[in-house]
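A short reminder: the numbers here are calculations on the coordinates, not readings from a lab. Remember, predicted model here, so these are calculated numbers, not experimental data. Neighbour counts are summed over all protein chains in view; Cβ atoms, including those assigned to glycine, are modelled from backbone coordinates with ideal geometry.
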Amino acid sequence: MLKKIMAANWKMYKTRDDASRTARELVVAVGDKLPDDREVLLIPPFTALYGVSEMLAGQTGYFLGGQNFYPEQEGAYTGEISPQQLTDCGCSFALVGHSERRHVLGERDDFLAEKVLYGLNSNLKIILCIGETIEERKQGLVEQVLLGQLEKGLARAGQVKAENFIIAYEPVWAIGTGETAGPEDIAQAHDLIRSWLEPNQQEGKDIRILYGGSVKPDNCATIISLDNVDGVLVGGASLKADSFSKIVTA
Ligand code: PGA
């Protein structure tokens with residue numbers, strides 16, 4: 001059984017000092033209460049990666065991830081960062097296709113598919129984020145959108161190893177809004193994703209599916225106990241060590 005992933009996405013928040021301090025406080029707050037079947041993943045902004053990696057050195061169960069990367073080793077890509085630069089800063093994970101990259105930065109499925117393939121080939125564990133908007137949900141398009149994003153996201157990589165490929169279901173309408181999907185909505189979406197993975201991926205039954213979207217200390221225990229929920233991806237409530245440590249140990 002692969003471990004559940006308790007991930008903190010710090011987005012474009014925190015200076016280096018603040019990020020390192022929060023990482024330190026988190027390790028202290030969690031102490032020896034991190035359950036054996038869980039691992040913690042911190043995803044700070046690029047500028048804070050190296051500092052946080054130094055802070056986490058020697059801590060078992062803690063990992064570092066990048067929020068994004070460009071699918072080339074190096075080159076004339078002003079403003080971008082490569083998988084090699086992420087691993088050089090201590091990252092072993094990276095997000096691909098977070099809804100803010102899809103909807104604010106306009107990243108498209110074919111580009112994301114390229115990133116999934118390139119990231120996996122660069123020794124990064126890839127978390128592919130998928131999720132429907134509120135309009136799509138109202139139009140009854142949840143299944144079509146989720147399975148479409150999944151299929152297109154994996155179009156280049158083909159068969160993947162469960163250890164290295166993770167899905168995050170993040171309904172766009174629940175991100176940063178304080179509105180969490182209800183347990184039935186989450187269970188339904190995760191079951192749907194699992195029922196696509198099993199026939200389409202050799203290791204489909206073991207691929208982890210995280211939930212993200214307004215996860216908080218007081219709803220995490222319910223969410224994490226649902227079938228097919230193999231961890232959480234947390235934005236707002238991960239910015240403070242006190243709140244994220246409660247989520248991690250919920
Ligand atoms: P949120 O963000 O927890 O603030 O809703 C989740 C995410 O964007 O990954």
So if I take the centroid of the Cα atoms in the range 1-78 and the same for the range 173-194, what is the distance between those two points in Å? 24 Å
So, relative contact order of the chain in percent, Cα under 8 Å, 6 or more apart, is 21 percent
Filter K14/K216; K125/K152; K11/K125; K3/K138; K33/K216; K33/K115 down to the pairs with a C-alpha to C-alpha distance above 24 Å, please. K3/K138; K33/K115
Can you give the Rg to Rh ratio for the chain, taking only C-alpha atoms and Rh from Kirkwood? 0.93
Longest segment of the chain lacking trypsin sites (Lys or Arg not before Pro) that sit in a DSSP loop with at most 14 other Cβ atoms within 10 Å: 34-107
To the nearest Å, what is the center-to-center distance of the range 83-123 and the range 147-169, using C-alpha atoms only? 12 Å
Hey, can you grab everything whose amide H is under 5 Å from the amide H of R38? Only 5+ residues off in sequence or another chain; H modelled, so Pro and N-termini drop out. K4
Top positive-direction residue, dipole computed over the range 4-248 with Cβ charges, set F111, V96, M55: M55
Shape call for the range 1-112, from the Cα gyration tensor axes a ≥ b ≥ c (a/c under 1.5 means rounded, otherwise prolate when a/b beats b/c, else oblate), comes out prolate
Long-range amide H partners of G231, meaning residues 5 or more apart or on another chain whose placed amide H is closer than 5 Å, are I5, Y211
Compute, for the range 19-146, the length of the dipole vector about the Cα centre, with Cβ point charges of +1 (Lys, Arg) and -1 (Asp, Glu) only. Units Debye, rounded to 20. 300 debye
Just to verify a number: FRET efficiency for Q73 and F46, C-beta to C-beta distance, R0 = 25 Å, to 0.05? 0.90
How large is the dipole of the range 4-248 about the Cα centre if only Lys and Arg carry +1 and Asp and Glu carry -1, each at its Cβ, rounded to the nearest 20 debye? 400 debye
Pick from T78, T222, T22: which residue has the top mean-square fluctuation in a GNM of the chain where Cα pairs under 10 Å get a spring? T78
What list of ³J(HN,Hα) couplings, whole Hz, do you get for the range 115-128 from phi and the Karplus terms 6.51, -1.76, 1.60, once you set θ to phi - 60° and write x for glycine and proline? 5, 4, 4, 5, x, 4, 6, 9, 6, 9, 7, 9, 9, 8
Where in the range 17-47 does the label zone of E54 land, with the point 7 angstrom along Cα→C-beta and an amide N cut-off under 20 Å? 17-28, 42-47
Rg/Rh for the range 56-115, where both radii come from Cα atoms and Rh is the Kirkwood radius: 1.02
Between D218 and Q159, what's the calculated FRET efficiency when r is the beta-carbon distance and R0 is 25 Å? Round to 0.05. 0.05
Counting Lys and Arg as +1 and Asp and Glu as -1, what is the net charge of the other residues whose Cβ lies under 15 Å from the Cβ of Q202? -1
Ellipsoid equivalent to the range 61-157 - semi-axes via the Cα gyration tensor, in Å: 26, 14, 12
The local net charge around W173, scoring Lys/Arg +1 and Asp/Glu -1 for residues other than W173 whose Cβ lies under 13 Å from its Cβ, equals -4
Normalised radius of gyration for the range 202-242, please: alpha carbon Rg relative to 2.2 N^0.38 Å, two decimal places. 1.30
Suppose R0 equals 51 Å. What FRET efficiency, 1/(1 + (r/R0)^6) with r the Cβ-Cβ distance, do Q84 and L141 give to the nearest 0.05? 0.85
Taking amide H positions as placed in the peptide plane 1.01 Å from N, state which residues far from Y70 in sequence (5 or more) or on other chains have amide H under 5 Å from it. I81, S82
Partner aspartates and glutamates whose C-alpha sits under 14 Å from that of K4, ignoring same-chain residues fewer than 8 away, are D36, D37, E39, E163, D206, D227, D230
